[in-house]
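The values are calculated or read from the model by the stated rules, or taken from the named source; none is laboratory data. Predicted model only: the values in this text are computed from it and were never measured. FYI the Cβ positions are ideal-geometry reconstructions off the backbone, even for glycines, and counts take in every protein chain you see. What goes into the accessible areas is simple: the full protein's heavy atoms, side chains included, and nothing from ligands, DNA or RNA. Shrake-Rupley method; radii C 1.70, N 1.55, O 1.52, S 1.80 Å.
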Amino acid sequence: MSRYAAAKPYVLPESLAELDGPTAGGVTLPRHIDWGPHYIYDLADEADFRLMYERVVREAQTRCDLNAYLNATSLRQVWCDLFLPVAVKTAWEIRFPELREHGTTAAAAGGRAAPVG
């Protein structure tokens, strides 16, 4: 793990219920979350959907960022497939053990549900 990933302070929501972000359409993230070339994430595209969630979980600076771009139901469905630094994944799973449990259950069932949309 990089020293940056280990030392970076990650933002977590107070509860998953407050995550009420979009589940369909196109989303452009603000520069403080996604500083690469201007990109519209198509939430109907599984790869775009997961990539956007990874970026928001890793780079959100406030709970408002999380609430605006993540959806609790969708997050539960894709959690086990997100590529995240160990520090942030651990922090989320400690606060929300149901994410880890849901991911284990989905993996044991042989897959995961598609993003809500």
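Among the listed residues 92, 79, identify the single one that is under 14 Å from residue 15 (Cα atoms), modelled with pLDDT of 95 or more and not polar (S, T, N, Q).
After applying the criteria, what remains is 92.
Residue under question is residue 37, and the condition is that it be assigned to a loop (DSSP other than H, G, I, E, B), modelled with pLDDT of 95 or more and either open to solvent by 60 Å² or more (accessible area, probe 1.4 Å) or in contact with a Lys or Arg (Cβ under 9 Å, 6 or more places away or on another chain) (or both); does it hold? Please lay out each step first, then the result.
Working: assigned to a loop (DSSP other than H, G, I, E, B): yes; modelled with pLDDT of 95 or more: no; either open to solvent by 60 Å² or more (accessible area, probe 1.4 Å) or in contact with a Lys or Arg (Cβ under 9 Å, 6 or more places away or on another chain) (or both): yes.
So residue 37 does not fit the description; no.
Whether any residue in region 19-27 is in contact with a Lys or Arg (Cβ under 9 Å, 6 or more places away or on another chain), closer than 18 Å to residue 88 by Cβ and surrounded by 20 or more Cβ atoms within 10 Å (Cβ to Cβ) is what I want to check. Can you show your working first?
Filtering region 19-27 down to residues in contact with a Lys or Arg (Cβ under 9 Å, 6 or more places away or on another chain) leaves none.
For region 19-27, residues in contact with a Lys or Arg (Cβ under 9 Å, 6 or more places away or on another chain), closer than 18 Å to residue 88 by Cβ and surrounded by 20 or more Cβ atoms within 10 Å (Cβ to Cβ): absent.
Looking at (1) crowded, with 16+ Cβ neighbours inside 10 Å; (2) modelled with pLDDT of 95 or more, find the lone condition where residue 10 falls short.
(2)
Restricting the search to region 49-82, which residues are surrounded by fewer than 21 Cβ atoms within 10 Å (Cβ to Cβ), in a loop (DSSP other than H, G, I, E, B) and out of contact with any His (no Cβ under 8 Å at 6 or more places or on another chain)?
Within region 49-82, 62, 82 qualify.
When you scan region 100-107, do you find a residue that is of a type in the set (A, V, I, L, M, F, W, C), at pLDDT 95 or above and open to solvent by less than 70 Å² (accessible area, probe 1.4 Å), even just one?
Taking every residue of region 100-107 in turn, none turns out to be of a type in the set (A, V, I, L, M, F, W, C), at pLDDT 95 or above and open to solvent by less than 70 Å² (accessible area, probe 1.4 Å).
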